[in-house]
Amino acid sequence: MSEDSIDLRVWRQFLAVAEELHFGRAAQRLAMTQPPLTQAIARLERTLGVRLFDRTRRCVALTPAGEALVPEVRALLAQAQALPARARAAAAGEVGRVRLAFVSTAGFEQVPAWVRAFRAHSPGVALELVEATGDVQLGAFARSEIDAGLMLHTPGSAPAGLARLPVATEPMVLALPARHPLAQAPRPALAQVLAEPLVIFPRRIVPSLYDAVMALYAQAGCAAQVAQEAIQMQTIVNLVAGGIGVAWVPESVTQFRRAGVVHRSGRELRGAGRHGTVLPVCETSLVWPAGPTSPALARFVGFVRELVGG
């Protein structure tokens with residue numbers, strides 16, 4: 001027996017003797033005879049190169065080395081006893097982790113609500129969160145750095161090669177500088193809005209949504225005058241507040257409540273809506289790699305599916 005090959009049975013024998021301080025009682029507790037137990041402890045001491053017990057005809061006592069081992073062996077045996085249940089829990093997705101990336105718009109509603117509810121539903125599964133734009137998420141998927149993501153896109157235009165669960169649909173709304181003359185109008189004309197400088201996210205961030213915004217201008221027979229690009233929706237809104245231009249943002253961004261910005265829905269724009277130009281709509285989807293998934297991820301996807309009724 002080498003130090004690397006000391007099995008749990010030997011440690012159970014050691015602990016029984018350490019707790020009973022009597023080889024006969026320890027052997028009875030282990031349902032074995034005393035001589036094999038005595039021999040097993042002697043082999044363990046030879047393997048470790050230390051005495052674990054002081055023995056006399058009248059008593060057995062732990063040495064300092066033996067005393068130091070007792071709590072460690074108890075912990076080892078407790079962990080070993082828990083392993084089968086933990087393995088079954090892991091197979092059922094009751095323990096583990098899910099690395100979830102999300103776009104900033106999902107951080108307003110979905111992510112906080114889901115984290116709270118999922119913690120109550122599956123306390124053994126850790127959600128590791130990272131805010132990332134869609135292009136960054138695709139790279140993270142390719143490097144196996146995330147398990148799932150919340151992405152923004154136009155309806156039905158999620159990136160190919162990923163399983164998808166739509167979780168929310170919302171219209172795009174106009175963000176105007178509060179001091180802009182159009183912000184004071186009850187129903188500014190869409191044609192006037194489209195003539196204003198535009199603040200928008202780069203196409204690589206959300207290609208389908210970028211193209212939908214540009215199509216809005218093309219339908220009206222004009223070209224967008226891009227004044228500034230910015231990655232984060234909060235930054236875009238801040239630039240609007242600074243008077244750089246107007247922006248089209250998902251309706252959920254209005255919860256940012258940035259001072260100096262006025263929002264207008266399609267109903268509040270002349271020339272948009274039922275009898276005019278249709279404004280873009282965006283969809284948020286939970287996405288994950290197609291194919292087999294970890295039990296923890298499958299549990300999270302099932303939780304979200306039940307939550308959104310998908």
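On the given criteria, is residue 76 part of a helix (DSSP H, G or I), touching a residue at least 12 places away in the same chain (Cβ under 8 Å) and open to solvent by 40 Å² or more (accessible area, probe 1.4 Å)? First the steps, then the outcome.
On the way: part of a helix (DSSP H, G or I): yes; touching a residue at least 12 places away in the same chain (Cβ under 8 Å): yes; open to solvent by 40 Å² or more (accessible area, probe 1.4 Å): yes.
Spelling it out, residue 76 is indeed part of a helix (DSSP H, G or I), touching a residue at least 12 places away in the same chain (Cβ under 8 Å) and open to solvent by 40 Å² or more (accessible area, probe 1.4 Å).
Might you let me know whether the range 127-141 holds any residue that is among the aromatic types (Phe, Trp, Tyr), within 19 Å of residue 307 (Cβ to Cβ) and open to solvent by less than 40 Å² (accessible area, probe 1.4 Å)?
No, because not a single residue in the range 127-141 is among the aromatic types (Phe, Trp, Tyr), within 19 Å of residue 307 (Cβ to Cβ) and open to solvent by less than 40 Å² (accessible area, probe 1.4 Å).
Could you please find all residues in the range 42-60 being closer than 18 Å to residue 27 by Cα and either assigned to a strand (DSSP E or B) or out of contact with any helix residue (DSSP H, G or I) (no Cβ under 6 Å at 6 or more places or on another chain) (or both)?
In the first step, residues of the range 42-60 are kept if they are closer than 18 Å to residue 27 by Cα; the result is 42-45, 52-60.
42, 43, 45, 53, 54, 55, 56, 57, 58, 59, 60, listed by residue number.
Condition test on residue 18, is it open to solvent by less than 60 Å² (accessible area, probe 1.4 Å), within 50 Å of the chain's Cα centre (by Cα) and free of Cβ contacts under 8 Å to residues at least 24 places away in the same chain? Write out each step before concluding.
Values: open to solvent by less than 60 Å² (accessible area, probe 1.4 Å): yes; within 50 Å of the chain's Cα centre (by Cα): yes; free of Cβ contacts under 8 Å to residues at least 24 places away in the same chain: no.
Spelling it out, it is not the case that residue 18 is open to solvent by less than 60 Å² (accessible area, probe 1.4 Å), within 50 Å of the chain's Cα centre (by Cα) and free of Cβ contacts under 8 Å to residues at least 24 places away in the same chain.
Please note which helices (runs of 4 or more DSSP H) are completely contained in the range 115-221 and include at least 3 residues that are touching a residue at least 24 places away in the same chain (Cβ under 8 Å) and under 34 Å from the mean Cα position of the chain (by Cα).
Numbers: elements: 134-142, 181-184, 190-194, 207-219.
Filter on the range 115-221 gives 134-142, 207-219.
When the range 225-237 is examined, which residues are found to be surrounded by 19 or more Cβ atoms within 10 Å (Cβ to Cβ) and among the charged types (D, E, K, R)?
none
On the basis of being closer than 29 Å to residue 267 by Cα and either open to solvent by 60 Å² or more (accessible area, probe 1.4 Å) or modelled with pLDDT of 95 or more (or both), does residue 185 make the cut? Steps first, answer last, please.
Numbers: closer than 29 Å to residue 267 by Cα: yes; either open to solvent by 60 Å² or more (accessible area, probe 1.4 Å) or modelled with pLDDT of 95 or more (or both): no.
Taking the combined requirement at face value, the residue does not satisfy it.
In the range 26-61, what count of residues is obtained for those that are farther than 20 Å from residue 77 by Cα, open to solvent by 60 Å² or more (accessible area, probe 1.4 Å) and of a type outside the set (Val, Ile, Thr)?
Of the residues in the range 26-61, 11 are farther than 20 Å from residue 77 by Cα, open to solvent by 60 Å² or more (accessible area, probe 1.4 Å) and of a type outside the set (Val, Ile, Thr).
Is it true that some residue in the range 82-102 is in contact with a Lys or Arg (Cβ under 6 Å, 6 or more places away or on another chain) and open to solvent by 40 Å² or more (accessible area, probe 1.4 Å)? Break it down into steps so the answer makes sense when it comes.
Kept after step one, since they are in contact with a Lys or Arg (Cβ under 6 Å, 6 or more places away or on another chain), are these residues of the range 82-102: 93.
Checking which are open to solvent by 40 Å² or more (accessible area, probe 1.4 Å) leaves us with none.
Checked against the condition, which is being in contact with a Lys or Arg (Cβ under 6 Å, 6 or more places away or on another chain) and open to solvent by 40 Å² or more (accessible area, probe 1.4 Å), the range 82-102 yields no hits at all.
Return the only residue of 246, 287 being buried (at least 17 other Cβ atoms within 10 Å of the Cβ), within 19 Å of residue 148 (Cα to Cα), in contact (Cβ under 8 Å) with a residue 40 or more places away in the chain and of a type in the set (Val, Ile, Thr). It would help to see each step written out before you state the result.
Numbers: 246 fails: within 19 Å of residue 148 (Cα to Cα).
Criteria check complete, one pass: 287.
With respect to the numbered conditions (1) assigned to a helix (DSSP H, G or I); (2) open to solvent by 10 Å² or more (accessible area, probe 1.4 Å), which one is the sole condition not fulfilled by residue 240?
With respect to (1) assigned to a helix (DSSP H, G or I); (2) open to solvent by 10 Å² or more (accessible area, probe 1.4 Å), residue 240 is out only on (2).
Just one of the numbered conditions (1) open to solvent by less than 20 Å² (accessible area, probe 1.4 Å); (2) farther than 21 Å from residue 212 by Cα is not true of residue 112; which one?
All conditions pass for residue 112, except number (1).
The values are calculated or read from the model by the stated rules, or taken from the named source; none is laboratory data. The structure presented is a predicted model; accordingly, all values stated were derived computationally and were not measured. Neighbour counts are summed over all protein chains in view; Cβ atoms, including those assigned to glycine, are modelled from backbone coordinates with ideal geometry. Accessible surface areas use protein heavy atoms only, side chains included; no ligands, DNA or RNA. Shrake-Rupley method; radii C 1.70, N 1.55, O 1.52, S 1.80 Å.
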